[in-house]
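Data first, discussion second: the structure below is written as structure tokens.
The values are calculated or read from the model by the stated rules, or taken from the named source; none is laboratory data. This is a predicted model, so every value here is computed, not measured. Cβ atoms come from the backbone with ideal geometry, glycine included; neighbour counts cover every protein chain shown. We work out accessible area using only protein heavy atoms, side chains counted, and drop any ligands, DNA or RNA first. Shrake-Rupley method; radii C 1.70, N 1.55, O 1.52, S 1.80 Å.
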Amino acid sequence: MTYSEKLDQAIARLHDEGRYRTFIDIERRNGNFPHAVWTKPDGSEQDITVWCGNDYLGMGQNKVVLEAMHEAIDATGAGSGGTRNISGTTVYHKRLEAELADLHGKEAALLFTSAYIANDATLSTLPKLFPGLIIYSDALNHASMIEGVRRNGGSKRVFRHNDVAHLRELLAADDPDAPKLIAFESIYSMDGDFGPIEAICDLADEFGALTYIDEVHAVGMYGPRGGGVAERDRLLHRLDIVNGTLAKAYGVMGGYIAASAKMCDAIRSYAPGFIFTTSLPPAVAAGAAASVAFLKRAPELRQKHQEQAAALKLRLKGLGLPVIDYGSHIVPVMVGNPVHTKVLSDMLLEDHGIYVQPINFPTVPRGTERLRFTPSPVHGPREMDALVHAMDGLWAHCALNRAEQAG
């Protein structure tokens, strides 16, 4: 076998299908976000506006967060020095876990280096704790949840997206005495639709199942204190395990679960993804704790975020663009073709200084390729006007080109 040729073929397939992923070099400027600088391949620089970041509330440049990180790095240095078991547990990690447990009304929380690892490690470990466990997973769950369920060696059932009736059928068909867990999300990030949390909790009660909810696109942004959609809907007490991230609304890095003290202790003791991973740097933990604490007292940021998302959707729909709108902060514009999506993304960047990455397969199903905009409180009227005007012109231009090609 010629390994180099196989690699060439694999990469060529992505180019041929129009879904080769291109990374661009951008430098965020503290205090000036969402503006950034794009370093082009030729070395020249261009000012751009970022419209696809997950720093939803601009907390990555919040002074409270930065001050906490500076204080921690001055006090402790750069890294944590090891896994949580080997010198990697500090007062900053414990403080952050306490903030997160309080946020979700749980007894405890457990930190991971990312929400992906938190999902994968937890879901792959649960069958060790509950032999014979059956996991019921929503069809559109995040890749990290799918991977965790796939690797756990236990039984799994996939129910149609948000289809509570199908979930009931699957639960009813299994042994009533078997341990069960329902894994789903509060907000599905590609379409921006909500999971039926209360209905799933009702089924969990009826069939004796545990509940596992991924709130990564909701923590910090929904609920009176930012505890997510479950807090907003007053359902936190009915959920057994909550997964969240510190890398989106909280503007830093890391992931976690919040649950009972026993559950967190068991995952801590059995999950390889936790046991054998160096812990977050203390400065990151300090910044995250400051961000979580700050957003518990900042409902005005959440309100402004929702207003920005609603305004952008309204204006894009007013242009006749196919916006998917389920009432969340996610603003997807459906294109439906990987090549056209990439062309739109490239033209927005090169001609208008607007950065939004194309979303293609396998992140979304083929034929549903899209641009996904993430407005934030730090996107002002000038930035939104520029985006709307650019999309208006480019959408008409691309539609004309498609019509000419079809003719």
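Could you pull out the residue among P127, P131 that is without any contact (Cβ under 8 Å) to a residue 60 or more places away in the chain, out of contact with any strand residue (DSSP E or B) (no Cβ under 6 Å at 6 or more places or on another chain), part of a helix (DSSP H, G or I) and surrounded by fewer than 24 Cβ atoms within 10 Å (Cβ to Cβ)?
The match here is P127.
Just checking, does segment 216-231 include any residue being at pLDDT 95 or above, open to solvent by 10 Å² or more (accessible area, probe 1.4 Å), farther than 20 Å from A118 by Cβ and not small (G, A, S)?
The answer is yes; a qualifying residue exists.
Table: residues versus (1) part of a strand (DSSP E or B); (2) within 30 Å of H389 (Cα to Cα); (3) out of contact with any Asp or Glu (no Cβ under 9 Å at 6 or more places or on another chain).
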| position | (1), (2), (3) |
| --- | --- |
| A283 | no, no, no |
| L295 | no, no, yes |
| E300 | no, yes, yes |
| H305 | no, yes, yes |
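Give the residues of segment 322-350 that are open to solvent by 10 Å² or more (accessible area, probe 1.4 Å) and touching a residue at least 40 places away in the same chain (Cβ under 8 Å), sorted by residue number.
Of everything in segment 322-350, those that are open to solvent by 10 Å² or more (accessible area, probe 1.4 Å) and touching a residue at least 40 places away in the same chain (Cβ under 8 Å) turn out to be I324, D325, Y326, G327, N337, P338, V339, H340, K342, V343, M347, L349.
Please determine whether any residue of segment 134-142 is open to solvent by less than 10 Å² (accessible area, probe 1.4 Å), under 30 Å from A78 (Cβ atoms) and of a type in the set (S, T, Y).
No, that holds for no residue.
Restricting the search to segment 265-309, which residues are hydroxyl-bearing (S, T, Y), surrounded by fewer than 19 Cβ atoms within 10 Å (Cβ to Cβ) and in contact (Cβ under 8 Å) with a residue 24 or more places away in the chain?
Matches in segment 265-309: Y270, T277, T278.
Give segment 31-71 a look and list any residue that's modelled with pLDDT under 95 and of a type in the set (S, T, Y), or say none.
T39, S44
Just one of H329, H379 is of a type outside the set (S, T, N, Q), in a loop (DSSP other than H, G, I, E, B), more than 25 Å from H161 (Cα to Cα) and touching a Phe, Trp or Tyr at 6+ places or on another chain (Cβ under 8 Å); which is it?
Only one candidate qualifies: H379.
Going through segment 232-250 one residue at a time, which ones are open to solvent by less than 50 Å² (accessible area, probe 1.4 Å) and either out of contact with any helix residue (DSSP H, G or I) (no Cβ under 8 Å at 6 or more places or on another chain) or closer than 23 Å to R84 by Cβ (or both)?
Residues satisfying the conditions are I241, V242, N243, G244, T245, L246, A247, K248, Y250.
In segment 141-149, is there at least one residue being in contact with an Asp or Glu (Cβ under 9 Å, 6 or more places away or on another chain), under 21 Å from G227 (Cβ atoms) and either assigned to a strand (DSSP E or B) or among the hydrophobic types (A, V, I, L, M, F, W, C) (or both)?
yes
Tally time: how many residues in segment 228-255 are within 15 Å of the chain's Cα centre (by Cα), part of a loop (DSSP other than H, G, I, E, B) and within 14 Å of A101 (Cα to Cα)?
Qualifying residue count for the region: 2.
Would you please name the residue that is modelled with the lowest pLDDT, looking only at residues in segment 143-188 that are open to solvent by less than 20 Å² (accessible area, probe 1.4 Å) and of a type in the set (S, T, Y)?
Selected residue: S144.
Please enumerate the residues belonging to segment 356-374 that are within 19 Å of H389 (Cβ to Cβ) and touching a Pro at 6+ places or on another chain (Cβ under 9 Å).
The answer is L371, F373.
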